[in-house]
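Written out below as structure tokens is the structure these notes cover.
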Amino acid sequence: MTDLKALYQTIEKRNPNDAEFLQAVEEVFESLSVIADVHPEKLDEDVLARLVEPERQIIFRVPWVDDQGKTQVNRGFRIQFNSAIGPYKGGLRFHPSVNVSIIKFLGFEQIFKNALTTLPMGGGKGGSDFDPKGKSDGEVMRFCQSFMTELFRHIGANTDVPAGDIGVGAREIGYMFGQYKRIRDEFTGVLTGKGLSYGGSLVRTEATGYGLCYFTQAMLEDKGTNFENKTVVISGSGNVAIYACQKAQEFGAKVVTLSDSNGFIYDPDGIDLATVKDIKEIRRGRIKEYLELHPTATYTEGKRPWSIPCDIALPCATQNELDLEDAKELVKNGVMAVCEGANMPTTPDAIHYLLENKILYAPGKASNAGGVACSGLEMSQNAEHLSWSFKDVDDKLRHIMINIFKTCRDTAAEYGHPDQYVVGANIASYLKVAEAMKAQGCV
């Protein structure tokens with residue numbers, strides 16, 4: 001019988017400074033302990049020992065020249081975690097907080113998230129401690145070109161296909177793709193999130209936010225309700241938050257908050273998305289500028305929006321943004337569902353509190369899989385040299401997200417933990433990856 005506790009202790013000793021990674025592993029192991037109780041024969045210690053160790057970890061220097069002619073140096077990362085079910089797939093994050101632990105946790109989560117989509121994609125993640133905020137287009141371009149000058153040798157359409165993440169949007173993807181094409185002298189689907197004029201997919205910008213709402217709607221409908229007339233609190237104001245807000249509004253909900261790293265806005269009349277898109281997508285401004293056109297809204301500096309009463313909470317900003325005190329506040333104010341649009345935004349004690357209080361909770365590896373699902377669809381279009389319509393891609397995305405919900409629900413029930421979608425997500429994805437790993441031998 002596999003001793004998960006002993007294995008976790010070994011992982012702790014091997015990764016003593018990687019707090020976020022250890023948190024992600026502990027969450028998965030907590031779910032896998034359910035397998036140990038019900039079907040211990042399905043836990044393979046040899047597989048688990050390999051699964052928690054990245055197949056490859058790449059760290060490199062990224063020198064670039066700023067507008068004043070001064071050389072700056074950042075650190076680049078790519079963690080190629082698991083390729084059992086397909087080429088490594090996962091985003092690139094450009095943010096000052098990026099370090100090995102964060103990239104490892106994101107890459108580890110990506111293994112399970114990608115498996116849930118049923119598309120042939122392994123798990124990986126990458127990025128840099130470079131901060132695009134406040135940089136000119138020229139500085140961002142020079143950084144991206146330097147970053148790709150090293151990364152190109154480690155990626156490829158059938159090897160590793162990066163995408164965007166925090167700090168990496170269409171601009172950054174375009175600069176990196178151009179440099180890859182120049183160095184390799186080939187036009188190939190090596191990155192997803194590309195512009196529509198050079199191989200990108202419709203719906204990719206909206207995919208994570210839309211997918212989050214498709215999953216949430218399926219979860220709510222399973223309990224006899226939906227988004228209609230619900231009050232929704234959302235954190236973040238990037239693509240995920242903006243398009244989760246848009247889709248929730250289309251489903252009949254009233255979204256009342258958005259946020260950024262400085263604070264959050266609260267509009268009791270409902271968020272005016274056109275204003276937010278102008279601030280964030282056109283002007284690259286701060287969310288507090290919303291008050292210039294909507295003086296009845298309020299802005300709270302240095303806080304997160306979880307104190308605002310709501311029916312549904314959608315954390316769409318960053319890891320560990322919703323802690324135990326936030327969870328208590330949400331429960332006190334009558335929340336019925338918390339669904340993650342970011343990666344691991346809810347702390348473990350907050351998750352336990354939500355589940356103890358019978359709150360519907362959807363883990364990010366399931367509910368925010370829409371982005372990578374659409375990336376997989378972009379890979380398919382690139383391979384076929386085709387471009388599908390918005391409706392075609394959106395229909396496929398909705399179908400994938402509904403199936404992910406059903407997989408989580410059915411697996412959780414099968415293993416004796418009904419409505420605990422985190423248990424269902426972790427077990428279902430682990431079993432798929434483990435089967436592929438065992439079939440391929442000790443690699």
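The values are calculated or read from the model by the stated rules, or taken from the named source; none is laboratory data. Values in this document were obtained by computation on a predicted structure and should not be read as measured data. Heads up, the Cβs are rebuilt from the backbone with ideal geometry, glycines too, and the neighbour counts pull from every protein chain shown.
Structure above, values below:
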{"item": "So Asp37, is it more than 21 Å from Arg78 (Cα to Cα) and among the acidic types (Asp, Glu)", "result": "yes"}
{"item": "All positions within segment 397-421 that are out of contact with any helix residue (DSSP H, G or I) (no Cβ under 6 Å at 6 or more places or on another chain), assigned to a helix (DSSP H, G or I) and either at pLDDT below 95 or over 18 Å from Asn226 (Cα atoms) (or both)", "result": "Asp410, Ala413, Glu414"}
{"item": "Residue that is in contact (Cβ under 8 Å) with a residue 60 or more places away in the chain, touching a Lys or Arg at 6+ places or on another chain (Cβ under 6 Å) and more than 26 Å from Asp419 (Cα to Cα), where the choices are Gln110, Gln80", "result": "Gln80"}
{"item": "Residue within segment 371-380 that is touching a helix residue (DSSP H, G or I) at 6+ places or on another chain (Cβ under 9 Å), under 23 Å from Asp410 (Cα atoms) and surrounded by fewer than 24 Cβ atoms within 10 Å (Cβ to Cβ) present", "result": "no"}
{"item": "Residue check, Phe177 without any contact (Cβ under 8 Å) to a residue 60 or more places away in the chain, in contact with a Leu (Cβ under 8 Å, 6 or more places away or on another chain) and not β-branched (Val, Ile, Thr)", "result": "yes"}
{"item": "Segment 287-333, residues that are acidic (Asp, Glu) and assigned to a loop (DSSP other than H, G, I, E, B)", "result": "Asp311, Glu321, Asp323"}
{"item": "Exclusive hit being surrounded by fewer than 17 Cβ atoms within 10 Å (Cβ to Cβ) and in contact with an Asp or Glu (Cβ under 6 Å, 6 or more places away or on another chain), set Gly178, Gly252, Gly195", "result": "Gly252"}
{"item": "Unique residue being hydroxyl-bearing (Ser, Thr, Tyr) and within 21 Å of His95 (Cβ to Cβ) when the list is Thr298, Thr318, Thr275", "result": "Thr318"}
{"item": "Exclusive hit being charged (D, E, K, R) and without any contact (Cβ under 8 Å) to a residue 40 or more places away in the chain, set Glu206, Glu186, Glu172", "result": "Glu186"}
{"item": "Any hit, segment 355-364, residues being under 24 Å from Gly167 (Cα atoms), small (Gly, Ala, Ser), under 17 Å from the mean Cα position of the chain (by Cα) and assigned to a helix (DSSP H, G or I)", "result": "yes"}
{"item": "Selection status of Gly424, touching a helix residue (DSSP H, G or I) at 6+ places or on another chain (Cβ under 6 Å), modelled with pLDDT of 95 or more and under 28 Å from Lys332 (Cα atoms)", "result": "yes"}
{"item": "Answer residue from segment 318-368, given it is surrounded by 24 or more Cβ atoms within 10 Å (Cβ to Cβ) and polar (S, T, N, Q) and is farthest from Leu397 (Cα to Cα) among those", "result": "Thr346"}
{"item": "Pick from segment 23-41, criterion assigned to a helix (DSSP H, G or I), of a type outside the set (Gly, Ala, Ser) and surrounded by fewer than 16 Cβ atoms within 10 Å (Cβ to Cβ), ranking: modelled with the highest pLDDT", "result": "Glu26"}
{"item": "Selection status of Ala383, part of a helix (DSSP H, G or I), farther than 27 Å from Gly91 by Cα and over 19 Å from the mean Cα position of the chain (by Cα)", "result": "no"}
{"item": "Residue check, Thr318 in contact with a helix residue (DSSP H, G or I) (Cβ under 6 Å, 6 or more places away or on another chain) and of a type in the set (Val, Ile, Thr)", "result": "no"}
{"item": "Residues that are surrounded by 20 or more Cβ atoms within 10 Å (Cβ to Cβ), of a type outside the set (A, V, I, L, M) and in contact with a strand residue (DSSP E or B) (Cβ under 6 Å, 6 or more places away or on another chain), drawn from segment 116-131", "result": "Gly122, Gly123, Gly124, Lys125, Gly126, Gly127, Ser128, Phe130"}
